[in-house]
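Contents: one structure, followed by commentary.
Where a number appears in this text, it was derived from the coordinates with a stated rule and is not lab data. What you see is a predicted model; the values in this text were computed from it and never measured. With ideal geometry, Cβ positions are generated from the backbone for all residues, glycine too; neighbour counts draw on all protein chains shown.
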Amino acid sequence: MTSVRFGLLGTVEAHVGAEAVDLGHARQRWVLAALLADANRPVSTERLTERVWADRPPYRAHRLLASYLSRLRRVLAAACDVAIRHGPAGYVLSVPPEAVDVHRFRALVAEARARRSTALYDEALTLWRGDPFTGLDTPWADTARQTLAAELLSAQLDRTDLALEDGGHNAVLAEAAERAAAHPLDERVAGQLMLARYRAGRQAGALEEFDRIRRRLADEFGADPGPALRQLHQRILTTDPALAPPTETAVPRQLPAPPRWFVGRDPELAALDDVMESRGGTLALSAIGGPGGIGKTSLALRWAHRNLARFPDGQLYVNLRGFDPSDGPLPPEAVVRQFLDALGVAPAAVPADTTGQFSLYRSLAAGRRLLVVLDNARDLAQVEPLLPGSETCTVLVTSRHRLAGLGVRGARLLDLDVLGSTEARELLVRHLGAARVADEPTAVDHLIRWCGGLPLAISIVASRAGANPRFRLEVLAKELRQESARLDALDAGDLSTNLRAVFSWSYQALDAEPARAFRLLGAAPGPDIGLAAAAALLGLRTPDVRALLRRLGAAHLVQEHVPGRYRMHDLLRLYVDELVDDAERPEPLRRLVDHYLHTACAATPLLRPERQPIELAPPAPGGAPLPLADRAEAAAWFADDHACLMAVLDSAVQRGAHEDVWRLAWSVSGFHVIRGQLVADLAAWRAAVAAARALGRPEPLAITHMYLGTAHTRVGSHDSAIRHGRAALDLAVEAKSPAVEADAQRALGWTLGQSGDFTGALRHTAEALAYYRAAGNGLRQADALNTLGWYSARLGRLREGRDFCTRALELCRRHDHRRAEAVTLDSLGYIAQELGEYVVALGHYRSALALARDTDDVYDEPGILANLGDTHASLGQADDARAAWKQARDLYREHRRIREADLLEAKLEP
C-alpha cells in the first residue's frame with residue numbers, strides 16, 4: 001500500500017505516492033472535499049447533501065452520494081490508512097490528519113506559534129495553491145473559504161511579526177505593502193507596514209501609511225485608529241530608539257524562477273529528498289549529471305522551489321557556465337565574491353585575498369539552513385572551493401560531467417536519463433494543450449519518437465509549434481522524419497535552444513583522443529557496443545578503450561546502460577554523423593566488421609557443431625575475434641551483440657559489401673534458429689542470396705539458397721522453401737563441392753518432409769547420409785539418421801524408424817551433439833507413442849525437453865512440449881496434458897508461430 005496526500009487549499013486533488021489520482025467529475029470531487037473538511041468525524045447524509053448541492057439537491061441525492069463514494073473507494077484503494085465508512089451518524093473518511101493539507105496547515109501553524117518558528121510558518125503557507133475548494137459554489141463552501149482566508153491572514157501576520165522581531169524588515173516590506181492594499185482597514189496590517197518602512201529608513205513612508213488608514217477609518221466609520229497604532233505613530237515621530245531594528249542578517253533569494261513546464265522525474269525528486277532526510281550530520285550534497293538538454297537545471301530548480309521552507313536562511317545560485325563557448329567557465333574566485341555580496345558583506349569588509357574570501361564565505365554559511373545551487377559545473381575543481389563546510393547547508397550541483405570526486409565526498413550522484421514516452425507526451429501537452437495533442441495522435445507519436453525523450457528537443461518542437469497555433473504538427477513530424485534535416489528542425493532560434501549548438505559545447509570540451517573515440521562510436525552500426533567491439537573499432541587495447549569510454553561516460557556523451565555495454569542517444573548520433581570525415585570511417589569499420597564476423601563464426605560451432613564451416617579471410621589488424629570458451633559464453637555473446645550483428649549486416653547491404661553480407665548471415669543463423677528468431681533469419685538469408693547473386697560464384701549462392709529454403713520451411717512457406725532447396729542442389733553440383741551438395745540434399749530432404757512429401761524426404765536424406773558416412777562426419781550422420789527415422793515413422797514404418805533413430809542417438813551421444821540428441825529423443829518419443837508405449841514415450845519426451853532447455857533451444861522446445869501433452873492425454877492425464885499444451889502454445893505465440901499456436905488452442909478448448 002502507498003501513502004496518500006489530499007489537497008483542498010486550491011483545486012481538490014489527491015496523490016497516491018507520486019501519482020495524481022483521477023477523482024472523477026467535479027461533483028464527485030466535492031463530495032470528497034466535504035468529507036475531508038471533517039476528516040475522521042462523521043458527516044450526516046443530510047449535511048453532506050447540503051454541502052455539495054446546497055438547497056438544490058437532485059432527485060435521489062442519497063443514491064448519488066452512495067454511488068460517488070463507492071467510486072472514490074475504488075480510486076483510493078491503493079492508498080494506505082484511508083477508508084470511507086458509513087455508520088449511524090453518517091459517513092466518515094478515516095485518514096491521517098497530516099495527509100490533508102487543511103489539517104496539516106492548521107497543525108503547522110499551531111506548532112509555529114508555540115515554537116515561534118518562521119520555518120514552520122513557511123512550510124504551512126506553501127501548502128496553499130489557490131482558493132480552497134475551487135469550483136464548489138455552495139453556502140457551506142463560501143463560509144469555509146472565508147474561515148480559511150481568515151486563518152491564512154492570521155498566520156501571515158504572525159509570521160511577519162516574527163520576521164520583524166528577527167530584523168527581517170527588508171524581506172517582508174513588499175508583502176506587507178501588498179497586504180495593506182488588500183486589507184485597507186486592518187490596523188495590524190498597517191502597523192506592520194509602518195514598522196517595516198521605518199526600519200528600512202523610510203520614516204516618511206511610515207507616516208504616510210498612518211495618515212492613509214486614519215483618513216479611511218474616519219471616512220468609513222467616523223473613528224480614529226486604536227491606541228496601539230496611535231502609539232506606534234508617536235514613537236515613529238519621535239524616532240524612539242527602541243524601534244531600531246535588531247541586527248539583520250541578509251537572506252539571499254537568488255533562485256531563478258522554477259521551470260514552467262516540468263513532468264516526471266518523481267524517483268529523482270524522491271532521491272533528492274532522501275539526501276536531505278538522511279544527511280546524518282554531514283553536508284547534504286547532490287550532483288545531478290546528464291547530457292546537454294536532459295533537464296538537469298529544471299530538476300534542480302523544481303526540487304529547490306518545492307523545498308523553499310527547508311531553507312529559511314536563503315538560497316544562493318550561480319550558473320558556472322562550465323560549457324559556455326563564448327565566456328568560458330566562471331572561476332570560483334568570481335563566484336565567492338558574488339556570494340559574499342548576497343550574504344550582506346559590506347564591500348569594505350571583504351578580505352583582499354581569495355583564501356580569506358573563501359574562509360569568510362564558509363563562516364557565514366556555518367549554522368545556517370542555506371541552499372547552494374551550483375549549476376552547469378565544468379569539473380570538480382570549479383565546484384570544490386564553493387562547498388560550505390556546515391552540515392546545516394545543502395548543495396545541489398548540475399554538470400554534463402559525472403563528478404565522481406563529489407561521490408568520494410559523500411555526494412549522491414544522480415544521472416538523468418531521457419523521458420519515457422508517457423512523460424514525453426505529457427510535456428508536449430503542457431506546452432501545447434491536451435486538445436491540440438489529441439487532435440494529431442500519429443504526428444505526436446512520431447515527434448516523441450524522433451525527439452528520443454530528450455526534454456530540450458521536445459521543448460524546441462513545442463516552441464516551434466506554439467509560435468503558430470495553426471501550425472500542423474504533421475508538418476513538423478515530416479521535417480523530423482528526415483535524418484539529414486532533423487537537427488536543423490530542432491532549432492528554436494538561439495544558442496540555448498539549438499540542439500546542435502548544445503551538443504557542440506560538450507564535444508568541444510573534449511581532448512583530441514576522446515573526441516576521435518566519440519566520432520567513431522557514434523558512427524558504429526547498432527544500438528550499442530560492447531567493450532571488445534569498441535576496442536576493435538578504435539584500434540586500441542581494451543584497457544585504453546575502457547578509460548576512454550569512462551571519460552565519455554563522465555561527459556554523458558555515452559551511457560554504460562548495462563555493465564560493459566555503451567550506447568549513445570540517437571540525436572547525438574546524428575550530430576556525430578556531421579562530424580565524421582568520410583575518410584575516417586573505412587578502416588575502423590573494417591576492423592569492427594571483422595571482429596563481429598570472426599567472433600560469430602567462431603561462436604557458431606559452439607552452438608551448432610554440425611554445421612559445415614565457411615572460409616574467412618584473416619581479420620584486419622585490430623579486428624581479432626573475442627575468445628569464447630564454451631556454448632554458454634557463445635550464446636551470451638550472441639544475445640548481447642545480436643542487434644549489432646544485424647545492424648552491421650544492414651550496413652554491409654547498404655555499402656554493397658556482398659562478401660560480408662552472406663558470411664554475416666551464415667554466422668548469425670545458428671543463433672536465430674535455436675532462439676526461434678525465424679523472421680530475422682528469413683530477412684538475413686534473403687539479403688544473403690541477393691549478395692551471393694551479385695558475387696556470381698556458385699558455392700556461396702548454393703549455401704545461401706539452401707539456408708533461405710530452410711528458413712522458409714520454418715515459417716511455413718513450403719513452396720518457396722522447395723524452390724530454393726532445389727536451386728541450392730543444382731548450384732552445389734555446379735560448384736563441384738561434395739560437402740555443400742550433401743548439405744543441400746539433407747536440407748532439401750527435410751524441407752520436402754515438412755511439406756508432406758515423406759518419400760522425397762527419405763530419398764534426398766539417404767543421398768546425404770551416404771556422403772557423410774564416406775566423409776566420416778558423425779555429427780551430420782546423426783542428423784540424417786534421425787531424419788530418416790522420423791519420416792520412416794511418418795510413413796508408418798515404425799520399427800524401421802526406431803532403428804534409424806536409435807543409431808542416431810548413439811552418434812549424438814558419442815559426439816556430444818546435444819541439440820540433435822534432443823530432436824532424436826523427440827522422434828523416439830513419437831515412435832513409442834505410435835506403438836502404444838506411452839510410458840516409454842513420456843521418458844523420451846522428458847529427456848528431450850530437459851536437453852532443449854539446457855541448450856536454450858526454443859525452436860524445438862514447444863514441439864516437444866506439444867508431443868508430451870499428447871502422450872499425457874493418451875494416458876488419461878488431462879491436467880498434465882493441458883499444462884504441457886499451454887506452455888507450448890505460449891512459446892509458439894512468443895515466437896510468432898501462429899499456425900502451431902492455433903492448433904494447440906483448438907486442443908485446449910473445453
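Observations
- Amide H contacts for Tyr317 (H built 1.01 Å from N in the peptide plane; partners 5 or more residues away or on another chain; cut-off under 5 Å): Gln254, Val373.
- Contour excess over end-to-end distance, with Cα ends at Asp417 and Thr143 and 0.36 nm allotted per residue: 93.9 nm
- Distance from the Cα centroid of the stretch 821-866 to that of the stretch 337-405 is 71 Å (rounded to whole angstrom).
- About the Cα centre, charge dipole magnitude for the chain (Lys/Arg +1, Asp/Glu -1 at Cβ), debye: 840 debye
- Here the calculated FRET efficiency for Arg202 and Asp324, from their Cβ-Cβ distance with R0 = 35 Å, stands at 0.30, rounded to the nearest 0.05.
- For Lys907, the lysines whose Cα falls under 28 Å of its own Cα, not counting residues fewer than eight places away in the same chain, are Lys886.
- Averaging the Cα positions of each part gives two centres, and for the stretch 505-542 and the stretch 676-697 these lie 30 Å apart.
- Taking amide H as placed 1.01 Å from N in the peptide plane, Asp415 has its amide H under 5 Å from the amide H of Gly289, each at least 5 places away in sequence or on another chain.
- The coefficient of translational diffusion for the stretch 351-396, derived via Stokes-Einstein from the alpha carbon Kirkwood radius under 37 °C and 0.692 mPa s, stands at 292 µm²/s.
- Bridge type composition, the chain - antiparallel percent by DSSP, nearest 5: 45 percent
- Each residue, Ala643 and Arg56, gets one label point 7 Å from its Cα in the Cβ direction; the gap between the two is 5.8 nm.
- For the pair Asp273 and Glu178 in one chain, pulling the backbone fully straight at 0.36 nm per residue adds 30.9 nm over the alpha carbon distance.
- Values [x] 1.11; [y] 1.08; [z] 1.05 are given for comparison; Rg/Rh (Cα atoms, Kirkwood Rh), derived from the coordinates here, is the one labelled [x].
- Estimated distance in nm for a label pair at Arg129 and Gln231, the labels positioned 7 Å out from Cα along Cα-to-Cβ: 4.4 nm
- In the chain, the longest principal axis of the Cα atoms and the axis of helix 139-165 are about 70 degrees apart.
- Packing, as the average of other Cβ atoms within 10 Å across residues, places the peptides 31-42, 138-149 in the order 31-42, 138-149, highest first.
- Helix axis angle, 203-221 relative to the chain longest principal axis, alpha carbon, degrees: 80 degrees
- Gained length - Arg500 relative to Arg85, 0.36 nm times residue gap less alpha-carbon distance: 143.6 nm
- Where only alpha carbons of the stretch 167-248 are counted, the Rg and the Dmax (Å): 12.2, 40
- Centroid-to-centroid, using Cα positions, the stretch 287-318 and the stretch 609-657 are 47 Å apart.
- Unit charges at the beta carbon, dipole of the stretch 574-717: most positive-side option, Met646, Leu616, Gln677: Gln677
- Between Ala18 and Asp879, the FRET efficiency from the beta-carbon distance, with R0 = 41 Å, is close to 0.40.
- Modelled spin labels at Thr238 and Arg546, positioned 7 Å past Cα toward Cβ, are 8.2 nm from each other.
- Principal-axis analysis of the Cα atoms of the chain puts helix 838-854 at an angle of about 60° to the longest axis.
- Ordering Ser278, Ser667, Ala555 by the projection of their Cα atoms onto the charge dipole of the chain, which places +1 on the Cβ of Lys and Arg and -1 on the Cβ of Asp and Glu, puts Ser278 at the extreme positive end.
- Rounded if a/c under 1.5, otherwise prolate or oblate - the stretch 557-609, Cα gyration tensor axes: oblate
- Here r is the Cβ-Cβ distance between Glu46 and Ala435 and R0 is 45 Å; the resulting FRET efficiency, rounded to 0.05, is 0.65.
- Reachable aspartates and glutamates from Lys296, criterion Cα separation under 17 angstrom, eight or more residues apart if same chain: Asp266, Glu268, Asp273, Asp324, Asp375, Asp379, Asp415, Asp417, Glu423
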